[in-house]
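Q: Handing you a structure now.
The values are calculated or read from the model by the stated rules, or taken from the named source; none is laboratory data. In this text, all values refer to a predicted model and were calculated from it rather than measured experimentally. Cβ atoms come from the backbone with ideal geometry, glycine included; neighbour counts cover every protein chain shown. Accessible surface areas use protein heavy atoms only, side chains included; no ligands, DNA or RNA. Shrake-Rupley method; radii C 1.70, N 1.55, O 1.52, S 1.80 Å.
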Amino acid sequence: MYDLYFERDKKRGISKTFMWLVEEVGELSRAINKIDINKDFSNISEEFADVFAWLCSLANIIGIDLQESSIKKYNQVCPKCKNKPCSCEFK
Ligand SMILES: [Zn+2]
């Protein structure tokens, strides 16, 4: 994502990129609400990809290594209960 879009993302800026992320989350939400377990999920997988792409773009602009920070926080065990699998109270 960095190599593909960083220069464009940097020009767009944090606020507009965040708005695109929220827009894509909205599209994912609408796709999930229409989900039919008997149909294929190719469309919804694209919506997941779009949300992830915009999240990566936002992280790149801010200078966060999403992979590194995710691994650091969620490496092997739940960051709250420290168990694998998580044994936190279900909410
Ligand atoms: Zn937990």
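Q: Among the lysines in the chain, how many pairs, 8 or more places apart or on different chains, have alpha carbons under 18 Å apart?
A: Taking the Cα cut-off of 18 Å, the pair count is 7.
Q: Please compute the contact order of the stretch 2-73 in relative form: average sequence separation of alpha-carbon pairs under 8 Å and at least six residues apart, divided by the residue count, as a percent.
A: Across the stretch 2-73, relative contact order equals 46 percent.
Q: Convert each backbone phi in the stretch 3-12 into a coupling constant with the Karplus relation 6.51 cos²θ - 1.76 cosθ + 1.60 (shift: θ = phi - 60°), then list the ³J(HN,Hα) values in order as whole Hz, x for Gly and Pro.
A: Running phi through 6.51 cos²θ - 1.76 cosθ + 1.60 with θ = phi - 60° gives 5, 6, 10, 4, 4, 5, 4, 4, 5, 5 Hz.
Q: Please get the size of the charge dipole for the chain, origin at its Cα centre, with Cβ charges of +1 on Lys and Arg and -1 on Asp and Glu, quoted in debye to the nearest 20.
A: Numbers: 14 positive and 14 negative charges, 97 e Å.
The calculation lands at about 460 debye.
Q: Let me ask you something else. If I model a spin label at Lys11 and Gln67 as a point 7 Å from the Cα along the Cα→Cβ vector, what separation in nanometres do I get?
A: In this crude spin-label approximation the distance works out to 2.7 nm.
Q: Once R0 is set to 35 Å, what does the formula 1/(1 + (r/R0)^6) return for the Cβ-Cβ distance between Lys91 and Ser45, expressed as a FRET efficiency to the nearest 0.05?
A: Calculated value: 0.85.
Q: If you don't mind, another one. What number comes out for the charge environment of Ile61, summing +1 per Lys or Arg and -1 per Asp or Glu over other residues with Cβ under 12 Å away?
A: It works out to a net charge of +3.
Q: Please calculate how many Å² of accessible area the chain carries per residue, with a 1.4 Å probe and no DNA, RNA or ligand atoms counted.
A: I get 83 Å² per residue for this part.
Q: Which whole-Hz ³J(HN,Hα) couplings does the stretch 23-30 yield from phi under the Karplus relation 6.51 cos²θ - 1.76 cosθ + 1.60, θ = phi - 60°, glycine and proline marked x?
A: 4, 5, 5, x, 5, 5, 4, 5
Q: At each listed q (0.13 Å⁻¹), what is the log10 of I(q)/I(0) that the Debye formula gives for the chain modelled as equal alpha-carbon point scatterers?
A: Those come out to -0.62, one per q.
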